[in-house]
Amino acid sequence: MVATGQITFNNLRKVFPPRTETGSPVEALHHVNAEVQPGEFIALIGPSGCGKSTLLRLLAGLEHPSQGKILVDGDLVERPSRERGLVFQDPTLYPWLTIEQNVGLGPKLAGEYREKRDLIQQFIDLVGLKGFEKNYPYELSGGMQQRVALARTLINYPKVLLFDEPFGALDAFTRIKMHDELLKIRERTDITMVMVTHDVEEAVYLADRVFTMTPRPAILKKIVNVNLPRPRRRDSQAFIEKKEEILDILNFTA
Amino acid sequence: MEKDSVYIKKITRIKDRQIGRAYFASIAIAISLVAQLAIPKSDILITKSLPWYTWLLIIALIITTILATYYIFFGGLEKFVFKSYFIGAAFLALGLYNLVTLKFALIKPIFFPAPETIINVLIVDAGFLLKCLLHSALLLAYGLGIGIITGLATGILIGWYSSWNYWLEPLVKSIGPIPSTAFIPIALSAFATSFQAAVFLIALASWFPITVLTQSGIVNVKKTFFEVADTLGATDFQKIFHVAVPGALPNIFVGIFNGTCGAFLTLMSAEMIGVRYGIGWYINWQREIMSYANVYAGLVVIAVSFSLMIAILFKIRDYVLRWQKGIIKW
Ligand SMILES: Nc1ncnc2c1ncn2[C@@H]1O[C@H](COP(=O)(O)OP(=O)(O)OP(=O)(O)O)[C@@H](O)[C@H]1O
Ligand SMILES: [Mg+2]
């Protein structure tokens, strides 16, 4: 099987028009060039407002670049597609659908809900929510909801999975559990993953490479290779050094 | 020892029960009944005496007493106990009205018939009242059905497509606020039958609020819901029916409630002005021939059937919007 999920950012620029008549346009991204290999896990990290979400939304096809382009497996990204799944910080489950129906929405939209019933169940089991099929989102905790959002995206077998601070709203304990679950899922699916995060530790624990970004106009400042063996230990010397390396890039070198 | 604690528990449980509140309705009804039986009818009134009001009180007394007693011994029936004060007060008010009319004839008997006379109409005229009611219900069903369908369609079009919004919204905004009763004269001459005219007017009355609330409901659905649908592969059309409409449902139901009330109002007006049948027409006709007991009987029928309809609508809404539990307090 040919590995899929290769991403190319080619001279990417995004300028938002001014919000008011007197305001000036906001340049959120300034000539971003990068490559992501199939199956890689990339963490995007940088100060607030620097354009991380914008980059992710461009990749998802929810925004259009002002200049440059994004290619996924050689195809130009022009509009959203089920091949590029997106998980927001807020789980954004549809409150009027049960857990089962939320997870099954992708298949349903493709007209394959009935055929994929077993698959839907498999993905609910995969994220550990067996028994909650008929519940509505309001009956679930934040962490459980986020796992449903993950299953809802995974069931479409996307080539690329995008996360915008997916665990930002979770407590530290749940977050650590989610990290391991995510890595387990990744072992089985080898989807390319790009995750925006504020948490350096999260980035070092999960990612193969960490993209650091500068404040506006955002450029890709430095790409850090996290070549630590897995499973990674958060208290190992190498791990802590990696964290400090990234913190240094973000804070001190101007 | 064991037995003792069970016994004590049972005693305190019974003590916890609100005996006074439970029996309040029965006591109030009993008082009304005593007044009805003990006080002689005013000798100004020449109509013959009818047993219906006495019967009503007796039946109500039996039912409320059984319910209250059941509650005292076995619990449950919280809803009845909660309503007991209200039921009692309603019967006291009716009893007072009975005193003012039947017993002492303090107000004009021709305009204010005694309870027993009104009940008499409900019984004697039941068949005809039912026919009128069915006729009105049919009008309402057609009108409201058309109003809901066209309202949803218009609301979706102007809430979702900017081109439809451009052309249709001014029309909606200008026609909508005109009370549909103002169209009665035009409708009566424009349509072949008064039935069609009434259906049109009722549809018009419900169409506007449903349109406006469907539109605002759709416009207010969270943007990220649509973005998620995009990344799950939804087409534009699918986004309407999988995201926009379900997301707008709470608003749509408010629109349907408002629409139903508007439709009802229009129905009554239409019947009083031009349509030659139905419960509104019945009331108007009886008023013209000065039989006010029949007018009141008609009003009772309207009140009961309308509140029944609203209650059913509430049940439907609660079922359809069951996913809102915990999100919104009704
Ligand atoms: N739709 C928009 N219109 C105008 N400006 C926008 C728009 N979206 C984002 N911006 C601007 O672009 C810049 C980058 O925003 P973005 O949301 O990508 O930042 P971020 O890195 O995700 O920040 P955070 O870490 O706080 O989420 C910000 O200055 C923001 O104000
Ligand atoms: Mg962001």
(request) Ignore the peptide's own chain and count Cβ atoms of other chains within 10 Å of each Cβ in B:223-230; give me the average, rounded. (result) 6
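How high is the relative contact order of chain A, in percent, with contacts defined as C-alpha pairs under 8 Å that are six or more residues apart?
So the answer I get is 26 percent.
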(request) Note down the accessible area of A:K177, probe 1.4 Å, to the nearest 10 Å². (result) 110
(request) Go through A:M144, A:M213, B:M272 and list them by solvent-accessible area, largest first, probe radius 1.4 Å. (result) B:M272, A:M144, A:M213
(request) Show that you can apply the helix-only estimate: for chain B, add -39,500 (n - 2.57) for every DSSP H stretch of four or more residues, divide by all residues, and state [θ] at 222 nm to the nearest 500. (result) -26000 deg cm²/dmol
(request) Return the sequence-ordered ³J(HN,Hα) values of the stretch B:76-91 in whole Hz as given by the Karplus equation 6.51 cos²θ - 1.76 cosθ + 1.60 applied to θ = phi - 60°, using x for Gly and Pro. (result) x, 6, 4, 5, 5, 4, 4, 7, 4, 4, 5, 4, x, 4, 4, 5
(message) Which order do you get for B:W160, B:W323 if you rank them by accessible area with a 1.4 Å probe, largest at the top?
(response) B:W160, B:W323
(message) Below 24 Å, Cα to Cα, which lysines can B:K41 reach? Residues fewer than 8 away in the same chain don't count.
(response) B:K103, B:K108
(message) Through the Karplus equation 6.51 cos²θ - 1.76 cosθ + 1.60, θ set to phi - 60°, convert the phi angles of the stretch B:129-140 into ³J(HN,Hα) values in whole Hz; use x for Gly and Pro.
(response) 4, 4, 4, 4, 4, 5, 4, 4, 4, 5, 4, 5
(message) Between helix B:2-16 and chain B, what is the angle of the helix's C-alpha long axis to the longest principal axis, kept within 0 to 90° and rounded to the nearest 10?
(response) 80
(request) Over chain A, with every protein chain in place, what whole percent of the accessible area is carbon and sulfur at 1.4 Å, could you tell me? (result) 50
(request) Identify, among B:I44, A:F132, B:A114, the residue whose Cα sits farthest towards the positive end of the charge dipole of the protein assembly as shown, taking +1 on the Cβ of Lys and Arg and -1 on the Cβ of Asp and Glu, with the dipole about the Cα centre. (result) B:I44
(request) Round to the nearest 10 and report in Å² the accessible area of A:D125, as given by a 1.4 Å probe over the protein chains' heavy atoms. (result) 60
(request) Could you tell me which of rounded, prolate or oblate describes the stretch A:65-177, using a ≥ b ≥ c as the square roots of the eigenvalues of the alpha-carbon gyration tensor, with rounded for a/c under 1.5 and, failing that, prolate when a/b is larger than b/c and oblate otherwise? (result) oblate
(message) Averaging over every viewing direction, what projected area does the convex hull of the Cα atoms of the stretch A:112-254 cover, in nm²?
(response) 10.5
(message) Taking every DSSP beta bridge with both residues inside the protein assembly as shown, roughly what % is antiparallel (nearest 5)?
(response) 50
(request) Return one whole number: the accessible area per residue of the stretch B:126-324 in Å², for a 1.4 Å probe. (result) 47
(message) Can you give me the angle between helix B:162-175 and the longest principal axis of chain B, using Cα atoms only, in degrees from 0 to 90, rounded to the nearest 10?
(response) 40
(request) Would you calculate the volume per residue, in Å³, of the smallest convex hull containing every Cα atom of the stretch B:2-113? (result) 98
(request) Note the angle between two axes, namely the Cα long axis of helix A:237-251 and the longest principal axis of the Cα atoms of chain A, as a number of degrees from 0 to 90, rounded to the nearest 10. (result) 60
(request) Keeping all protein chains in position, work out how much accessible area B:W52 exposes to a 1.4 Å probe, and write it in Å² to the nearest 10. (result) 80
(message) Among A:N156, B:L213, B:T260, whose Cα projects farthest towards the positive end of the dipole of the protein assembly as shown, with charges put on the beta-carbon of Lys, Arg (+1) and Asp, Glu (-1)?
(response) B:T260
(message) Taking θ = phi - 60°, what integer Hz values does the Karplus form 6.51 cos²θ - 1.76 cosθ + 1.60 yield along the stretch A:161-167, in sequence order, with x for Gly and Pro?
(response) 10, 10, 10, 10, 6, x, 10
(request) Rounded to the nearest Å, what's the spacing between the alpha carbon centres of the stretch B:132-152 and the stretch A:221-254? Just the number, please. (result) 69
(message) List the residues of the stretch B:241-257 for which accessible area in the full set of protein chains is at least 40 Å² lower than for the chain on its own; 1.4 Å probe, protein heavy atoms only.
(response) B:H242
(message) Could you tell me the center-to-center distance, by alpha carbons, between the stretch B:155-234 and the stretch A:105-143 in angstrom?
(response) 35
(request) Working with all protein chains in place, sort B:T224, A:T98 by solvent-accessible area computed with a 1.4 Å probe, largest first. (result) B:T224, A:T98
(request) Could you check how much of the accessible area of the stretch B:105-179 is carbon and sulfur, as a whole percent, using a 1.4 Å probe? (result) 77
(request) Within the stretch B:249-330, report the trypsin sites (Lys or Arg not before Pro) that DSSP leaves as loop and that have at most 12 other Cβ atoms within 10 Å. (result) B:R276, B:K329
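Using only alpha carbon positions, build the gyration tensor of chain B, then give the equivalent ellipsoid semi-axes as the square roots of 5 times its eigenvalues, largest first, whole angstrom.
Taking √(5λ) for each eigenvalue gives 46, 35, 12 Å, largest first.
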(request) Could you tell me what percent of the DSSP beta bridges with both partners in chain A are antiparallel, to the nearest 5? (result) 50
(message) Distance between the C-alpha centers of the stretch B:104-122 and the stretch A:21-49? Whole Å please.
(response) 81
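The values are calculated or read from the model by the stated rules, or taken from the named source; none is laboratory data. Fair warning: this is a prediction, and the values are worked out from it, not measured in the lab. Heads up, the Cβs are rebuilt from the backbone with ideal geometry, glycines too, and the neighbour counts pull from every protein chain shown. Just the protein is used for accessible areas: all its heavy atoms, side chains included, with ligands, DNA and RNA removed. Shrake-Rupley method; radii C 1.70, N 1.55, O 1.52, S 1.80 Å.
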